[in-house]
Amino acid sequence: MSKVIIWVLVTLDGYFEGEEKWDLGFHGEAWCEELDALSRSFGKNASCLVFGRTTYEGMKNYWTTADESEASEVRTFMNALPKLVASHTLPQSDWNNTRVMSDIAAGIRALKADAAPDKNIYVFGSAKLSHALMSEGLVDELMLAIVPIQLGKGTPFFKEGSAPRRFRLIETRPLPNGTLILRYAPGDHTGTEPHGPEKSEVEP
């Protein structure tokens with residue numbers, strides 16, 4: 001069965017964007033050859049990309065207008081891969097190969113059952129959607145890039161007031177610029193062992 005993986009860059013103080021929507025300037029502090037290679041690997045390993053409404057709008061506006069010389073491999077897969085948008089208000093999408101779904105949980109369950117086991121479903125950013133999918137028990141892996149910067153203000157990735165949740169560390173990978181990639185398997189709110197991939201070796 002395919003895995004659902006959340007991928008998001010967050011600051012040391014827990015924000016995934018600044019005070020304004022789609023304020024992602026801190027991503028420049030994380031970018032390096034290793035992160036570029038990781039981004040390109042997502043396109044090779046993905047069966048589908050999933051976004052919340054706000055993230056979808058930002059992604060669509062950026063990748064449909066990106067210069068051909070800029071991140072061409074990533075731009076190609078972002079525009080070509082199947083995409084799902086979670087929204088109750090967006091009637092349809094004109095972004096290539098994109099479907100809008102009001103019941104995103106049902107759509108992801110169907111995708112997990114049908115997709116090739118070596119192809120993953122990636123949720124990019126989308127804090128509210130990520131919270132909902134973890135609450136539904138649909139997330140197999142949370143993949144964070146911790147960027148060594150403190151914003152002080154912004155939108156936190158984890159929803160304020162959420163119930164405690166246990167996570168099991170799968171892997172740590174430090175990058176030369178100080179960014180730290182952490183892979184976790186999320187559990188539920190009861191404190192039981194997290195579901196998801198088996199424990200793998202943690203890199204030094």
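Computed from the coordinates by the stated procedures, all read-outs in this text should not be read as laboratory data. None of the values given here were measured: they were computed from a predicted structure. Glycine gets a Cβ as well: all are built from the backbone with ideal geometry, and neighbour counts include every protein chain shown.
Take Met101, Met1, Met143, Met134 and order them by how many other Cβ atoms sit within 10 Å, fewest up front. List each step's numbers first, then the result.
Working: Met101 16, Met1 11, Met143 19, Met134 23.
Exposure proxy ranking, most exposed first: Met1, Met101, Met143, Met134.
Would you mind calculating the gained length between Asn45 and Ala116 on full extension (0.36 nm times residue separation, minus the Cα-Cα distance), in nm to one decimal? Walk me through the numbers on the way to the answer.
Numbers: separation 71, 0.36 × 71 = 25.56 nm, distance 1.01 nm.
Stretched fully, the Asn45-Ala116 segment lengthens by 24.5 nm.
Kirkwood hydrodynamic radius, the chain, all distinct C-alpha pairs: what's the number in Å? List each step's numbers first, then the result.
Values: mean 1/r = 0.0571 Å⁻¹.
One over the average 1/r among Cα pairs gives 17.5 Å for the chain.
Please compute the length gained on full extension between Glu73 and Trp31, using 0.36 nm multiplied by the number of residues separating them and subtracting their Cα-Cα distance. Let's see the in-between values first.
On the way: separation 42, 0.36 × 42 = 15.12 nm, distance 1.59 nm.
So the chain would gain 13.5 nm between Glu73 and Trp31.
Percent antiparallel among DSSP beta bridges with both residues in the chain, to the nearest 5?
Numbers: 14 of 37 bridges.
Around 40 percent antiparallel, to the nearest 5.
Could you line up Leu142, Leu35 from fewest to most neighbouring Cβ atoms inside 10 Å?
On the way: Leu142 24, Leu35 18.
Fewest-to-most ranking of Leu142, Leu35: Leu35, Leu142.
With +1 on each Lys and Arg Cβ and -1 on each Asp and Glu Cβ, how big is the dipole of the range 4-173 about its Cα centre, in debye rounded to the nearest 20? Could you put the intermediate results ahead of the total?
Details: 18 positive and 23 negative charges, 144 e Å.
I would put it at about 700 debye.
Which cross-chain or sequence-distant (5 or more) residues have an amide H under 5 Å from the amide H of Lys3, H modelled 1.01 Å from N in plane?
Under 5 Å from the amide H of Lys3: Ile121.
Quick one: if you stick a label point 7 Å off each Cα along the C-beta vector at Leu38 and Arg165, how many nm between them?
Placing both labels 7 Å beyond Cα along the Cβ direction yields 1.9 nm.
For Lys21, list the lysines whose Cα falls under 23 Å from its own Cα; do not include residues on the same chain fewer than 8 positions away.
Lys60, Lys83, Lys128, Lys153, Lys159
So for Cys48, Cys32, fewest C-beta neighbours within 10 Å to most, what's the order?
Details: Cys48 22, Cys32 14.
Placing the least packed residue first, the sequence is Cys32, Cys48.
Counting helices only, and only those DSSP H runs with n ≥ 4, report the 222 nm mean residue ellipticity of the chain as the sum of -39,500 (n - 2.57) divided by its residues, in deg cm²/dmol to the nearest 500.
When only DSSP H runs of four or more count, the value is -8000 deg cm²/dmol.
Using θ = phi - 60° and the Karplus relation 6.51 cos²θ - 1.76 cosθ + 1.60, list the HN-Hα couplings for the range 11-19 in order, rounded to whole Hz, with x at every Gly or Pro.
Rounded to whole hertz, the list is 7, 4, 9, x, 9, 9, 7, x, 5.
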